[in-house]
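Down below is the structure, laid out as structure tokens.
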Amino acid sequence: KDRMTQHDKLHAASEIPGGNGGTYLATNVRWVIVAMLMGFTFLGHFNRVSIAVAAKAKFIGPGLLSEVQMGFVYSAFLWTYTVSMLPGGWVIDRIGPRLSMAGMGLGLGFGVALTGALGWSGLPIVALFIPLLVVRSIAGFLSTPLHPGAARSVFLWLPLTSRTTANGLVTAGALVGIALSYPGFGWLMDQFDWSTAFVICGTVMMLFTVVWLLYATDDAASHPRVNAEEKRLVAMGRVTQANSKITMSDFTALFRNRPLVALGSSYAAYGYFQYLFFYWIDYYFGSELKLPEGASRRATSIVMIAMAIGMAAGGFISDKLSHRIGIRLGYRTIAVVGMSLSAVFAGFGVAVKDPNHVVLLFSLALASLGMCEGLFWTSATALEPKNGGLACAFIN
């Protein structure tokens, strides 16, 4: 009982009276920041996946665009997003997460609105293939700082004992955005046209970004609403400031960091599995299982909400488990169990025929997978604390 880990000590310290004998009454600005980061991931992924909702209803079909062409449109976003990731991580560490997230929000919002503006051009859908490739490529480039910037902000704002919980909540916001994009963006298209729906969503994201700029700071120490107790609590996490003089050796060091390379390889497998569901599950329910439009949207939302619940719960469980058995063993246990179960459930989901069973098994698969999400972001910043944005960009 006398051998307390650093994590145990920090956890205990966060629950005892303040250092001067007074009651521990830290402000909770850090959780407001987490809520705003959830807002960014919600809006970012709502807008990212809305193109798949529009494609199924308006873009794919005889005389329109093919499934393969839409696959290229989806991949155009992801390729520029990926190629820009390391430079984006450098920018995050150079200028801080506040401005990086602001640039992302304004840029992605503009890209989404520009997608809608294509519909106002008067061109037929079949002629929009190349313009969609260009616009979605721009949107992918501008959205680069979303997850690395959010993870860097969590690192600077949260003590070690709460980071995986916070990262789980932030990533859960993304899945709620995806889940609601199917009925939500579908409803906007039903009320207006697809072009106006994109413009509305892009504008909302830009307005939210303005609120972030007015309220957020890079860390707790520089925020006017944070009191001394909250600053003390956050400082327990041994926050390391960003490295403002990043050199080429910092980039090459990422590839020499074997644990970080292993983490990135694991997240690549995780991401490929995850993105199949993000972009194609609604189409699978409608075109392969022949569900009606409304039922397909509801089924897709259920599966995505299940993953959001898994993300939020997984982050909380990871912090609690690591408090009991240590950070390394706790994190590895959640990751191995969660990712293994997701593969098993997905395999059964593909094999069964009843749509209700498919929805149940896919929901269990993504909930299990989601339990692991926060671990990646917490671990990446811990493995490269001075260049946390760059490390998160590397695994992403």
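The values are calculated or read from the model by the stated rules, or taken from the named source; none is laboratory data. Just so it is clear, the model here is predicted, and its values are computed rather than measured. Ideal geometry is used to build each Cβ from the backbone, glycine not excepted, and the neighbour counts take in all protein chains shown. With ligands, DNA and RNA removed, areas are computed over all heavy atoms of the protein, side chains included. Shrake-Rupley method; radii C 1.70, N 1.55, O 1.52, S 1.80 Å.
General remarks:
- When only Cα pairs below 8 angstrom with a gap of at least 6 residues are kept, the chain shows a relative contact order of 27 percent.
- Karplus (6.51, -1.76, 1.60) ³J(HN,Hα), θ = phi - 60°, over region 285-302, in Hz, Gly and Pro reported as x: 4, x, 8, 9, 8, 6, 6, x, 3, x, 5, 5, 5, 5, 4, 5, 5, 4
- Max mean-square fluctuation residue, GNM over the chain, Cα-Cα springs under 10 Å, options GLY89, GLY338, GLY370: GLY338
- Efficiency of FRET between LEU329 and TRP31 - r from beta-carbon atoms, R0 22 angstrom, step 0.05: 0.20
- Normalised per residue, the accessible area of the chain is 42 Å², obtained with a 1.4 Å probe and no contribution from ligands, DNA or RNA.
- A Cβ-based charge dipole, computed about the Cα centre of the chain with Lys and Arg at +1 and Asp and Glu at -1, lands at about 800 debye.
- Label-point gap, in nm, between PHE192 and ALA351 - each point 7 angstrom along Cα→Cβ: 4.6
- Ordering of 259-266, 347-354 by burial proxy (mean other Cβ atoms within 10 Å per residue, highest first): 259-266, 347-354
- The chain: calculated mean residue ellipticity at 222 nm from DSSP helix runs of at least 4, using -39500 (n - 2.57): -25500 deg cm²/dmol
- Fluctuation leader among LEU369, LEU156, LEU133 - the chain, Gaussian network, Cα springs under 10 angstrom: LEU133
- Charged side chains reduced to their Cβ positions (Lys and Arg at +1, Asp and Glu at -1) give region 279-396 a dipole of some 300 debye around its Cα centre.
- Angle in degrees between helix 129-142 and the longest Cα principal axis of the chain, rounded to the nearest 10: 10
- Straightening the chain between SER340 and LEU213 buys 41.7 nm, computed as 0.36 nm per residue apart minus the Cα-Cα spacing.
- Dipole of region 262-387 computed with +1 at Lys/Arg Cβ and -1 at Asp/Glu Cβ about the Cα centre; of LEU375, MET307, TYR267, farthest Cα towards the positive end is LEU375.
- Protection proxy ranking of 27-36, 314-323, by the mean of other Cβ atoms within 10 Å over each peptide's residues and highest first, is 314-323, 27-36.
- Between region 139-184 and region 352-396, the Cα center-to-center distance that results, in Å: 11
- Partner aspartates and glutamates whose Cα lies under 18 Å from the Cα of LYS56, excluding those fewer than 8 positions away in the same chain, are identified as GLU67, ASP190, ASP193, ASP282, GLU288, GLU293.
- C-alpha long axis of helix 146-157 to longest principal axis of the chain, angle in °: 20
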